[in-house]
Amino acid sequence: MNTHTLEAPELTPSRDFICGSWSTPGHDLGTDLADPNTGAPLQRQLQTDTALVDRAIGAAAVLHSEGTWRTTSPAQRASVLRRTADLLADRTGEVARYDAINTGVVETVTELFAQGLSDALCAAADHLEADPGCHDPADAGRPVHLRYLPWGPVAVIAPWNAPSFVVAKKAAFALAAGAPVIAKPSNWAPTSAAVVAEAIGQALMEAGLPPEVFQLVHGGRDVGRQLAADARIRALSFTGGRAAGVAVAHAAADDCKALQLELGSNNPAIVRADADVDATADALVSGFTKLNGAWCESPGSVAVVASRHGALLDALLDRLRDLRVGHCLDRNSAMGPQAHAVQYQHVSDAVAKLAAAGGAVHDVTPVPDTAGYFHAPVVIDGAPVDSTVDEIFGPVLTVHRVADDDAALALANSRSTGLAGYVFSSDIDEAMAIGARLECGEVKVNGTSVLDLVPESTQGFWGASGVGAHGDAELLRFFRGARIVGVERPGLPL
């Protein structure tokens with residue numbers, strides 16, 4: 001398909017959903033949302049007024065205090081989630097297109113995320129039904145009630161790289177826990193969150209439940225800081241960069257609210273001497289170009305044993321020469337443009353810095369000659385190890401020659417890691433043993449899929465990659481706290 005024939009997409013204006021009413025955010029952030037394929041402005045970035053954010057928080061706090069949602073039966077909460085799933089299933093095409101334009105990720109990929117929204121809602125309902133929060137000891141011989149209850153109103157702050165999925169999944173599990181939710185999408189990717197809000201709002205209305213159960217606000221760091229600092233918000237889930245996550249943690253510290261912070265990680269990959277080079281190159285190229293390189297578990301730093309270094313580098317470049325970078329709505333594109341000008345410049349600056357430090361930059365993928373934010377995927381070989389510690393969050397893979405497995409492990413664990421790691425080897429037992437020594441929450445052997453290893457997977461955020469974990473059971477647990485009430489045991493000695 002000729003990308004120049006694709007029509008410029010239209011984005012629906014950003015809209016707040018506060019106390020059941022839709023309105024346009026009142027503050028202009030002074031920056032455009034642009035078509036990443038052309039650089040053409042689409043609409044202004046908007047932010048919710050401080051007073052309206054405060055109103056949304058107040059409404060959520062009153063709702064929680066009155067118990068309207070938290071005392072709604074688990075069966076009815078699950079029903080609302082399943083109805084929301086049905087409503088979103090009818091709008092996957094719309095969500096996919098919005099997310100493609102907001103992120104630059106090719107539509108064939110954003111479709112998969114959009115199709116996963118319903119699954120996320122249903123998974124939250126399934127976990128609620130399996131664990132409604134009642135865990136009374138069976139052998140107490142007296143009344144003792146152990147309950148897992150919502151901490152209180154919840155804020156969900158979503159990133160720009162997977163906007164609809166993060167809003168839908170985190171909100172779904174918070175709602176399953178019985179917490180009212182205020183969601184804030186990234187100011188760079190606000191559009192699809194309104195579709196999620198419309199579906200949840202309709203499901204609540206059909207069930208005769210108050211709209212304040214779910215609210216939507218917009219903006220940048222100021223709104224994020226306001227949500228984090230407000231003591232009425234009792235749990236906050238943030239997905240994004242480390243600097244922003246640390247700022248959220250500082251803002252939230254005064255009232256000790258529950259925090260789940262999923263931050264960045266320069267995820268290491270170890271390539272052993274017995275690895276299948278072709279299969280390894282396939283997986284690494286797929287991994288570091290997925291979501292245009294902007295996903296927090298992308299392989300970022302490869303430690304390859306010296307005897308395989310040349311063959312692996314050649315194989316990586318062979319695949320990159322054939323990779324099609326193009327318009328994100330072109331179904332023949334394998335990778336799209338960077339999400340916005342700031343992200344494009346960030347990646348370009350990171351590559352330039354590594355080149356200046358002595359890294360050999362391999363840029364072999366053709367990109368469209370347009371005004372869009374197209375950045376070729378880049379392999380950088382031989383950059384000084386200490387210049388490649390931190391995550392780039394873009395389509396850049398650094399390659400490092402090492403002597404053996406121990407050296408590979410030492411290099412891998414010297415990265416700014418914590419989320420994911422990868423090991424490539426024909427000896428599965430050895431690969432598993434090496435993976436167990438990587439200091440991160442999920443290690444995959446011979447693959448780089450974005451999906452979990454198993455449905456019941458749990459992945460901790462190790463090191464500076466965040467606070468908490470993700471995995472469905474962990475997510476429901478995060479939004480609830482334990483409370484035990486019972487008659488004291490008689491005759492205790494102390």
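The values are calculated or read from the model by the stated rules, or taken from the named source; none is laboratory data. What you are looking at is a predicted structure, and each value in this text was computed from that prediction instead of being measured. As a convention, Cβ positions derive from the backbone with ideal geometry for all residues, glycine included, and neighbour counts pool all protein chains shown. Surface areas here come from the heavy atoms of the whole protein model, side chains and all, with no ligands, DNA or RNA. Shrake-Rupley method; radii C 1.70, N 1.55, O 1.52, S 1.80 Å.
Where the centroid of each part is defined by its Cα atoms, how far is region 218-276 from region 410-426 in Å?
Each part reduced to its Cα centre gives a spacing of 21 Å.
For region 374-388 and region 9-29, compute the distance between their C-alpha centroids and round to whole Å.
Spelled out, the Cα-based centre of one part sits 40 Å from the other.
Note the angle between two axes, namely the Cα long axis of helix 107-130 and the longest principal axis of the Cα atoms of the chain, as a number of degrees from 0 to 90, rounded to the nearest 10.
40 degrees
Computing the accessible area with a 1.4 Å probe over protein heavy atoms, can you report the carbon and sulfur percentage for region 214-303?
So the carbon and sulfur contribution to the accessible surface is 56 percent.
Which pairs break 23 Å Cα to Cα here: LYS290/LYS444; LYS353/LYS444; LYS169/LYS257; LYS184/LYS353?
Over 23 Å apart, Cα to Cα: LYS353/LYS444; LYS184/LYS353.
Under the rule a/c < 1.5 gives rounded, and otherwise a/b versus b/c splits prolate from oblate, where does region 173-234 land using the Cα gyration tensor?
oblate
Which GluC sites (Glu not before Pro) does region 44-146 hold that lie in a coil by DSSP with at most 10 other beta carbons within 10 Å?
The qualifying sites: there are none.
Out of the total accessible area of region 41-118 (probe 1.4 Å, heavy atoms of protein only), what percent is carbon and sulfur?
Ligands and nucleic acids excluded, carbon and sulfur reach 50 percent.
Got a sec? Charge dipole of region 252-391, +1 on Cβ for Lys and Arg, -1 for Asp and Glu; which of PHE374, HIS327, ALA269 is way out at the positive end?
Ranked along the dipole, the leading option is HIS327.
Angle check, please: helix 50-66 long axis (alpha carbons) against the longest principal axis of the chain (alpha carbons), in degrees 0 to 90, nearest 10.
50 degrees
So, in Å, what gap is there between the alpha-carbon centers of region 67-81 and region 151-211?
Centre-to-centre (Cα) distance: 15 Å.
Rounded to the nearest 500 deg cm²/dmol, what is the calculated helix-only ellipticity per residue at 222 nm for the chain, with -39500 (n - 2.57) per DSSP H run of length n ≥ 4?
-12000 deg cm²/dmol
To the nearest 0.05, what FRET efficiency results for LEU146 and ALA371 with a Förster distance of 51 Å applied to their C-beta separation?
0.25
Explain nothing, just the number: dipole magnitude of the chain about its Cα centre with +1 on each Lys and Arg Cβ and -1 on each Asp and Glu Cβ, in debye rounded to the nearest 20.
1300 debye
Take ALA436 and ALA253, extend 7 Å from each Cα along the Cα→Cβ direction, and tell me the distance between the two endpoints in nm.
3.7 nm
Are there trypsin sites (Lys or Arg not before Pro) in region 289-372 that DSSP puts in a loop and that have at most 16 other Cβ atoms within 10 Å, and which ones?
ARG324, ARG331
What is the antiparallel percent of DSSP beta bridges lying wholly in the chain, to the nearest 5?
The antiparallel fraction comes to roughly 40 percent.
Using the Cα centre as the reference, give the magnitude of the dipole from point charges on the C-beta atoms of region 80-221 (Lys, Arg: +1; Asp, Glu: -1; all else neutral), rounded to the nearest 20 debye.
480 debye
With a/c under 1.5 counting as rounded, go ahead and sort region 200-286 into rounded, prolate or oblate using the C-alpha gyration tensor (a ≥ b ≥ c being the square roots of the eigenvalues; past the cut-off, prolate if a/b is larger than b/c, else oblate).
oblate
Answer rounded, prolate or oblate for region 218-362, using the Cα gyration tensor with square roots of eigenvalues a ≥ b ≥ c: rounded when a/c is under 1.5, else prolate when a/b is larger than b/c, else oblate.
Since a/c reaches 1.5 and a/b is larger than b/c, the shape of region 218-362 is classed as prolate.
Quick one: if you stick a label point 7 Å off each Cα along the C-beta vector at SER307 and GLN76, how many nm between them?
Computed distance between label sites SER307 and GLN76 equals 6.8 nm.
In degrees from 0 to 90, rounded to the nearest 10, what is the angle of the helix 74-89 Cα long axis to the longest principal axis of the chain?
The two axes meet at around 40 degrees.
Chymotrypsin sites (Phe, Trp or Tyr not before Pro) within region 365-408: which are DSSP loop residues with at most 10 other Cβ atoms inside 10 Å?
Loop-located and lightly packed - none at all.
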